[in-house]
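So the structure is just underneath, and the comments pick up after that.
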Amino acid sequence: GHTLYVERTEPRGDGRYDLVLSHTNYDRRCNLETNMRAVSDPIAQTIDVRSGKGEPWGGDLRVSGFIHD
């Protein structure tokens, strides 16, 4: 699986959340990408990437869950 760090969440009012994410290793070179925007749907357990390098292919990605601190 792939691990993302959730920088910020904001409820959309429809059960989904706007996320700001950071992650690395998306290109297998360990480059860091920050301020990536996505929409999380906890019912469908998916995220849709809305900005960054993952936007072209990052729609409707399965999410196993989040670890809360």
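The values are calculated or read from the model by the stated rules, or taken from the named source; none is laboratory data. These figures come from a predicted structure and were not determined experimentally. Quick reminder, even Gly has a Cβ in these numbers, built from the backbone with ideal geometry, and neighbours come from all protein chains shown. Remember, those area values only see protein heavy atoms, side chains included, never the ligands or the DNA or RNA. Shrake-Rupley method; radii C 1.70, N 1.55, O 1.52, S 1.80 Å.
Structure summary
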quantity: Given (1) loosely packed, with under 15 Cβ neighbours inside 10 Å; (2) touching a strand residue (DSSP E or B) at 6+ places or on another chain (Cβ under 6 Å), index of the condition R28 fails; calculated: (2)
quantity: The lone exception for V39 - which of (1) within 8 Å of the chain's Cα centre (by Cα); (2) over 18 Å from I67 (Cα atoms) it fails; calculated: (2)
quantity: Answer residue from the stretch 37-69, given it is in contact (Cβ under 8 Å) with a residue 24 or more places away in the chain and assigned to a strand (DSSP E or B) and is most open to solvent (accessible area, probe 1.4 Å) among those; calculated: D41
quantity: V6, sole failed condition from (1) open to solvent by less than 50 Å² (accessible area, probe 1.4 Å); (2) without any contact (Cβ under 8 Å) to a residue 60 or more places away in the chain; (3) hydrophobic (A, V, I, L, M, F, W, C); calculated: (2)
